[in-house]
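Written out below as structure tokens is the structure these notes cover.
Just so it is clear, none of the values below were taken in a lab; they were calculated from the coordinates. Keep in mind that this is a model prediction, so the values were computed, not measured. Here the Cβ is made from the backbone with ideal geometry for all residues, glycine too, and neighbour counts use every protein chain on show.
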């Protein structure tokens, strides 16, 4: 295994995986690929460590941002890193250790805050490796606590890696504050296996659906959900729901000639969101460490003690 110097623009080990840095508007895009097999991924660390593509056998399974302006606009939060909370926070408000805090309202349709604030922040590359069989990149965002609505310093480290048809993410966050801090994490990839969502089959294992009100905030109730347990076609189904897993799980999208499985453990990511956006060109499958509005209801929320770390991982597997 070999470590690249950050000043190196490209290298190629044994003629297989390579890592290149190419301009992406005002940013740098890291392109990590096996040129022989057409497998790899691209990422822009400077804008929330956003993954733009995941290629398997020469075609991308992601519905990502095609240009730097679209990335900066951040519409739909494509492949966004969701921290310190995923999904919605009611009225953008929460209390912690006897103090009240107010996040900006950035989900105007519901009047809530959504997806934390890290998705637009600059990460720095701390490591990148490549071998004949796999490649990875590690990025870090160090936060000093300067925002009034989350005045808790932390360090967030993400590793993205690829091996043949398998892509995975590892996350680790360390509390740099003198008191405990609230922590939730999610990832927000949109998957495109076909031009028509209607033609895709979705498999969701038996689980509990989090019942929400008209502002998409949990009511406290859970409903049994088995609608896609058998891998039914999506058709005209609309989903924008959070689910509580009943064990380690695989969320599967299947097209005519390709299948994608999102795999996570209940210990790491007990919740997940399934979203079929109105444009009907992709489907978001989003493992989450906590439920919607967890800063208020506590569902899956991690109370991270001073100096402590929390870590988790998830993976994607693509087969023909």
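Structural remarks
- 60, 42 arranged by Cβ crowding within 10 Å, fewest neighbours leading: 60, 42
- The reciprocal of the average 1/r between distinct C-alpha atoms defines the Kirkwood hydrodynamic radius, which for the stretch 256-302 equals 12.4 Å.
- If you plug the beta carbon distance of residue 105 and residue 37 into 1/(1 + (r/R0)^6) with R0 = 41 Å, you get a FRET efficiency near 0.35.
- The chain: most fluctuating residue of 132, 274, 31 per GNM, C-alpha cutoff 10 Å: 132
- Cα principal axis extents for the chain, largest first, Å: 56, 48, 35
- Translational diffusion coefficient (Stokes-Einstein; Kirkwood radius from C-alpha pairs) of the stretch 155-233 at 10 °C, 1.306 mPa s, in µm²/s: 94 µm²/s
- Each peptide in 229-240, 133-144, 86-97 was scored by the mean count of other Cβ atoms within 10 Å over its residues; highest first, the order is 86-97, 133-144, 229-240.
- GNM result for the chain, Cα springs below 10 Å: residue of 149, 190, 30 fluctuating most strongly: 149
- Bins of 5 Å from zero: percent of alpha-carbon pairs in the stretch 155-303: 2, 9, 17, 21, 20, 16, 9, 4, 2, 1, 0
- Exposure proxy ranking, count of Cβ atoms within 10 Å, fewest first, for 119, 215, 196: 196, 215, 119
- Panel order for 19, 212, 105, by other beta carbons found within 10 Å of each beta carbon, from fewest to most: 105, 212, 19.
- The chain: calculated mean residue ellipticity at 222 nm from DSSP helix runs of at least 4, using -39500 (n - 2.57): -500 deg cm²/dmol
- Between 33, 227, 250, the Gaussian network model of the chain with springs among Cα atoms under 10 angstrom shows the greatest mean-square fluctuation at 227.
- Look at where the Cα atoms of the stretch 141-158 and of the stretch 159-177 average out, and the two centres are 18 Å apart.
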